[in-house]
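Some notes on the structure that comes next.
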Number of protein chains: 2
Amino acid sequence: MKKYQLMAPGPTPVPSEVLLAMARPIIHHRAPEYDALFREVREALKRLVQTREDVLTPACTGTGAMEAAVSNTLSAGDRVIVVNAGAFAQRWLAICKAYGLNVVELEAPHGETVAAARIAEALRANPGVKAVLVQHSESSTGVLHDVRAYAQVTGGTEAILIVDAVSSLGIADLPMDAWGIDVIVSASQKGLMLPPGLSLLALSEKAWGAAKQSKLPKYYLDLAEERKYAQRNEARFTPAVSIMVGLREVLRMIEAEGLVEVFRRHDRLSRATRAGAEALGLTLFPKTTPSPALTAVQVPPGVDADRVVERFATSHNITIDGGRGPTKGKIFRIGHMGYVADFDVISALAALEQVLYELGQPVDFGAGLRAAQKIFSERS
Amino acid sequence: MKKYQLMAPGPTPVPSEVLLAMARPIIHHRAPEYDALFREVREALKRLVQTREDVLTPACTGTGAMEAAVSNTLSAGDRVIVVNAGAFAQRWLAICKAYGLNVVELEAPHGETVAAARIAEALRANPGVKAVLVQHSESSTGVLHDVRAYAQVTGGTEAILIVDAVSSLGIADLPMDAWGIDVIVSASQKGLMLPPGLSLLALSEKAWGAAKQSKLPKYYLDLAEERKYAQRNEARFTPAVSIMVGLREVLRMIEAEGLVEVFRRHDRLSRATRAGAEALGLTLFPKTTPSPALTAVQVPPGVDADRVVERFATSHNITIDGGRGPTKGKIFRIGHMGYVADFDVISALAALEQVLYELGQPVDFGAGLRAAQKIFSERS
């Protein structure tokens, strides 16, 4: 028997308590029971996103919410800046292209980031830019971009800062109001420990102002309409009821653990994973701040990273993920976000030691585990 | 103790077996287990929709799929015909407006339908109409529109027929290919007995041709892209995995019962509900073919239909629904679609007798039940 472990960079494991809560008989979204649930969830989401604004919960996955962030705040021909250093940034580019936006692309090699100063410079060089679109955690490369510094740059301009926080919400600190972020986009299946199918969107006052000017067509994901209903504690359309039921459970779990401790845990899990991989002689892929959501690791010369991913699955029943596009075959990615605890990382590192050995690499068994244990022993 | 019964016109009850299947640990959408699931579901959906075309399963609710049907096949300024005889038709109007379409509205009073001849006439009077948008089952009024006849009209023209089958798929016979329907839009939470959050879309060859001409912006719900991935048995974006797991279960249940028997059951449930209501002296709201998905009933003079709905909930723990807009307070609607059997209708009619009595109406106890029983005894 090999116990199954889902350690991909999303979807992530759903706690059994939450799965069972979602398995209760379906409730009607206009019944009093849903009313109480929606009210509780709406308030808790504001605390999670660290905002006074409404956090909307349309029934779609993260990409739908990314599109909504664009289609609700911009108009065809608008000039925008996209920070492009990975596969999810390319999704911003594709969405902007689909909507006829005029994109200034700030590129960095995968594994690196774009300094806030480059954004400031691009904003000066391109007057009239309406929005800057970025990832917080770029899960294709394992890099965390410094959205706090980006927000300091956009704060003084008319541009809104749109942040894809799909793999950072509930994982890395991202105080929307305190940092001055204008749009936060997230989804259910990463830090929120839920099945995919629900997205989260919050807009600042500045972003709602931009929304008033937006002329792009939208209906299902018309956020101003969505907000009108939410403020009356009503669902505009049939919501993803079962995931909303799960959301109440996970928000209670997160509040019981405490948001600060949740961030500390993810930081600890990621430091332990990185220490373990490095102790095994591997090189981390990020050349800059790594994301606490996942660890991207380069393979030694002569090893195909996709074989590592395959071995994790076939020999050890653990799902991790490989690289995409330019990093395919060169990196593997271990997710440690959401419902993940210290010893899940220990298991993943134990599997990594075995997999390297199976692939004919020299392995000092226990070296990765020892490095992780030292990190875990630091717990105060 | 009052056992809870969900008999609204959607969402509908989810079978326990399906809830528990969805409560199994989450699987990754790029793992072999999902691969097998997706393949099975894709094939079974073709049989359900009675089409050779791919049936796409984007993660959104029915309204998102309605929007996708428009944004993928039409362009701004296109002239379209909307058959408007209820609240869901008004959703077509709102979507068409959001996308700058030029709408010819064929109206009928709520409770009635629009004859196919009127569509033929409107097509002659308005050359160049690109699409006709209709509901199959208009669940705000309980009417079933004759989409078979509509398809005979559009078949000879360049217009595509777009059918909202949200409350008819798996409920009323709707053989897409045989009838020549061009776009079928549906969702998980009605006849498919699942939680809301997954939609279904199928396009005919003619509709895919229209899609090639469409210039409206879309990304998340870009159906041509979605189909490319589906044909490789891959998910384009993270799918609503847990609902897909449930979908496999319900498709197996539907195939075990047999699609023809599923339609017969819904027909029987609806005839029994109507017979029961009429035996209690109530008047049915539809003036034409009633939908087998739900029964809309007028209340006697002096009774507020919303009080009937309220009493169903508070006295009998049964969720039904009221009227919307022009029918608010005048009708109540009992859903009998999806995971509903004969004796669920008996319970609902028993509750109806009690509720009428509680509201001071004269009631011949058992008269509604007797009428329904006679229908059920007809089973061969």
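Odds and ends about this structure:
- Candidates in the stretch B:306-326 are the residues that are away from every other protein chain (no Cβ under 13 Å) and either charged (D, E, K, R) or out of contact with any helix residue (DSSP H, G or I) (no Cβ under 8 Å at 6 or more places or on another chain) (or both); of these, the one that is nearest to B:Ala85 (Cα to Cα) is B:Pro326.
- Pair list, Cβ < 9 Å and 6+ apart or interchain, from the stretch A:93-122 residues that are away from every other protein chain (no Cβ under 14 Å) to residues that are part of a helix (DSSP H, G or I) and modelled with pLDDT under 95: A:Pro109/A:Pro326; A:His110/A:Gly325; A:His110/A:Pro326
- From the list B:Pro292, B:Pro286, B:Pro301, the one residue that fits, being without any contact (Cβ under 8 Å) to a residue 60 or more places away in the chain and either surrounded by 24 or more Cβ atoms within 10 Å (Cβ to Cβ) or not in a helix (DSSP H, G or I) (or both), is B:Pro301.
- Filtered residue count, the stretch A:158-175, keeping only those that are part of a strand (DSSP E or B) and either not assigned by TED's automatic domain parsing to the domain that holds A:Arg91 or not acidic (Asp, Glu) (or both): 4
- Within the set A:Pro286, A:Pro301, the sole residue that is modelled with pLDDT of 95 or more and either touching a strand residue (DSSP E or B) at 6+ places or on another chain (Cβ under 6 Å) or of a type outside the set (Phe, Trp, Tyr) (or both) turns out to be A:Pro286.
- Among the residues of the stretch B:322-374, those that are among the β-branched types (Val, Ile, Thr), surrounded by 20 or more Cβ atoms within 10 Å (Cβ to Cβ) and in contact with a Leu (Cβ under 9 Å, 6 or more places away or on another chain) comprise B:Ile334, B:Val340, B:Val345.
- Looking across the stretch B:82-98 at every residue that is in contact with a Lys or Arg (Cβ under 9 Å, 6 or more places away or on another chain) and surrounded by 24 or more Cβ atoms within 10 Å (Cβ to Cβ), the one that is farthest from B:Ala120 (Cα to Cα) is identified as B:Gly86.
- When the stretch A:176-190 is filtered for residues that are outside any loop (DSSP other than H, G, I, E, B) and of a type in the set (Val, Ile, Thr), the ones remaining, listed by number, are A:Val183, A:Ile184, A:Val185.
- Test: residue in the stretch B:265-272 that is over 16 Å from B:Thr141 (Cβ atoms), of a type in the set (A, V, I, L, M, F, W, C) and either in the same structural domain as B:His136 (by TED's automatic domain parsing) or outside any loop (DSSP other than H, G, I, E, B) (or both): yes
- Selection over the stretch A:215-233 of residues that are of a type outside the set (Lys, Arg), part of a loop (DSSP other than H, G, I, E, B) and within 14 Å of chain B (Cβ to nearest Cβ) gives a count of 6.
- When the residues of the stretch A:149-195 are filtered to those that are over 27 Å from A:Glu255 (Cα atoms) and among the small types (Gly, Ala, Ser), the one that is surrounded by the most Cβ atoms within 10 Å (Cβ to Cβ) is A:Ala159.
- Residue selected from the stretch B:196-214 under the condition part of a loop (DSSP other than H, G, I, E, B) and at the interface with chain A (Cβ under 10 Å from one of its Cβ atoms), by the criterion surrounded by the fewest Cβ atoms within 10 Å (Cβ to Cβ): B:Leu198
- Members of the stretch B:177-195 that are within 12 Å of chain A (Cβ to nearest Cβ) and at positive phi: B:Met193
- So A:Thr73, is it surrounded by 20 or more Cβ atoms within 10 Å (Cβ to Cβ), in contact with a helix residue (DSSP H, G or I) (Cβ under 8 Å, 6 or more places away or on another chain), more than 9 Å from every other protein chain (Cβ to nearest Cβ) and polar (S, T, N, Q): yes
- Scanning the stretch B:1-56 for residues that are exposed (fewer than 14 other Cβ atoms within 10 Å of the Cβ), touching a helix residue (DSSP H, G or I) at 6+ places or on another chain (Cβ under 9 Å), at the interface with chain A (Cβ under 10 Å from one of its Cβ atoms) and assigned to a helix (DSSP H, G or I) yields a count of 1.
- Counting residues in the stretch B:223-236 that are touching a strand residue (DSSP E or B) at 6+ places or on another chain (Cβ under 7 Å), surrounded by 24 or more Cβ atoms within 10 Å (Cβ to Cβ) and modelled with pLDDT of 95 or more gives one or more.
- Boolean, A:Ala279 is without any contact (Cβ under 8 Å) to a residue 12 or more places away in the chain and not charged (D, E, K, R): no
The values are calculated or read from the model by the stated rules, or taken from the named source; none is laboratory data. Keep in mind it's a predicted model, so treat the numbers as computed, not measured. Ideal geometry is used to build each Cβ from the backbone, glycine not excepted, and the neighbour counts take in all protein chains shown.
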